[in-house]
Amino acid sequence: MKILVTGGAGFIGSAVVRHIIRDTDWSVANVDKLTYAGNLDSLADARTSNRHRHFKVDICDRAALDTVFQEVQPDAVLHLAAESHVDRSIDGAAPFIETNITGTYTLLEATLAYWRGIDEAARARFRFQHISTDEVFGSLGASGKFTETTPYQPNSPYSASKAASDHLVRAWHHTYGLPTLATNCSNNYGPYHFPEKLIPLVILRALAGESLPVYGKGENVRDWLHVEDHAEALTLVLRRGRPGETYNVGGDSERTNIEVVRAICALLDEMLPGSPNRPHERLIKFVTDRPGHDARYAIDAGKIKTELGWRARHSFDSGLRDTVRWFLDNRPWWERVMSGAYRGERLGLSA
């Protein structure tokens, strides 16, 4: 298969590309305009594979997308390109509207035109798969989980833009017959994670002996999914999912934010016995909460488990340990990232 992956130099996208090159015989056309969070170094060995090719293209550029489609002639699209950080969306929503909504629309139009132009057998095999987030469902109370039929209640500019893109994908299937698939995932973590997100930010700030900011009282709950488990789920949905269906992907690993931060501190204490910052937990500092901070997310992944046979390979404890070790062992990667536009500053206070 020839797969067109959008956002393949981002955190989840790069994991998908690495998985495809390592574990399948598929080829990848990686469409990524390389924003601050896009990093070709995250592709590791996949970057130099003769089955991988990068196209520096903005998904809002219809003419450039048409050129890629005609050159690559893909059998499927995996759409991961997105602005993804809630705090950044609070500071400025425009890039989220542009990329997540207008970009998805433009990509759908380019895909539809290409799909209509290929032969009948190729149209029957073709898939457009959209990767989204559990944040579109809003906030849960103390119990319950999000299912594929949970009503949408997005509470941030980011989640609203992703909800809009989800609806566009659904509409292009029901209106035009485009064979689409969609997934909504819980919080990802793992290697090559851009350090504006909680887990890598805490690791790197702790290594530097800086304060570890925890929003509010740290009681917000997230379900954590290892990015490599997610990548495997996405290719499974691509191969076996039913067009028009949505599949939730979760890690069955609910933790409060403060539990996650304290677990990282304990791992750093263990792995760095000579660190002058031990015990790292003393660096924790509770700060003003994020505006509109959702209280709890939890994914019911029963559908993808029952229908497609997917199972996560990583427990949160083992996955977090491996992630902390990866950041300790891959200083050159994150030092290059931190030397760019992002320096670990607090975002999302403009509200």
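The values are calculated or read from the model by the stated rules, or taken from the named source; none is laboratory data. None of the values given here were measured: they were computed from a predicted structure. All Cβ positions, even for glycine, are placed from backbone atoms using ideal geometry, and neighbour counts span all protein chains on display.
Points to keep in mind about this one:
- Number of the condition not met by Ala82 [criteria: (1) crowded, with 21+ Cβ neighbours inside 10 Å; (2) of a type in the set (A, V, I, L, M); (3) modelled with pLDDT under 95]: (3)
- Close pairs (8 angstrom Cβ cut-off, 6 or more residues apart or separate chains): at positive phi and at pLDDT 95 or above in segment 55-79, surrounded by fewer than 18 Cβ atoms within 10 Å (Cβ to Cβ) and not hydroxyl-bearing (Ser, Thr, Tyr) anywhere: Gln73/Lys2; Gln73/Ile118
- The number of residues in segment 69-92 that are in contact with a helix residue (DSSP H, G or I) (Cβ under 8 Å, 6 or more places away or on another chain) and of a type in the set (Asp, Glu) comes to 2.
- Any hit, segment 115-126, residues being surrounded by 23 or more Cβ atoms within 10 Å (Cβ to Cβ) and not β-branched (Val, Ile, Thr): no
- Residues that are in a helix (DSSP H, G or I) and surrounded by fewer than 21 Cβ atoms within 10 Å (Cβ to Cβ) within segment 85-94 comprise Asp87, Arg88, Ile90, Asp91, Ala94, listed in sequence order.
- The set of residues in segment 265-282 being of a type in the set (A, V, I, L, M) and either touching a residue at least 24 places away in the same chain (Cβ under 8 Å) or farther than 18 Å from Thr323 by Cα (or both) consists of Leu267, Leu268, Met271, Leu272.
- Among all positions in segment 103-110, there is no residue which is within 26 Å of Trp333 (Cα to Cα) and crowded, with 23+ Cβ neighbours inside 10 Å.
- Pick from segment 294-307, criterion buried (at least 16 other Cβ atoms within 10 Å of the Cβ) and not basic (Lys, Arg), ranking: nearest to Gly216 (Cα to Cα): Asp294
- Positions within segment 1-52 being part of a loop (DSSP other than H, G, I, E, B), acidic (Asp, Glu) and either surrounded by fewer than 21 Cβ atoms within 10 Å (Cβ to Cβ) or touching a Pro at 6+ places or on another chain (Cβ under 8 Å) (or both), in sequence order: Asp25
- Of the residues Glu232, Glu210, Glu228, the single one that is farther than 24 Å from Ala76 by Cβ and either touching a Gly at 6+ places or on another chain (Cβ under 7 Å) or touching a residue at least 60 places away in the same chain (Cβ under 8 Å) (or both) is Glu210.
- The residues of segment 298-345 that are of a type in the set (Ser, Thr, Tyr) and either at pLDDT below 95 or within 19 Å of the chain's Cα centre (by Cα) (or both), listed by number, are Ser315, Thr323, Ser339, Tyr342.
- Identity of the residue in segment 244-281, assigned to a strand (DSSP E or B) and among the hydroxyl-bearing types (Ser, Thr, Tyr), that ends up surrounded by the most Cβ atoms within 10 Å (Cβ to Cβ): Tyr247
- Pair list, Cβ < 9 Å and 6+ apart or interchain, from segment 95-109 residues that are within 14 Å of Leu178 (Cβ to Cβ) and assigned to a helix (DSSP H, G or I) to residues that are among the aliphatic types (A, V, I, L, M) and at pLDDT below 95: none
- Residue within segment 283-290 that is outside any loop (DSSP other than H, G, I, E, B) and in contact with an Asp or Glu (Cβ under 8 Å, 6 or more places away or on another chain) present: yes
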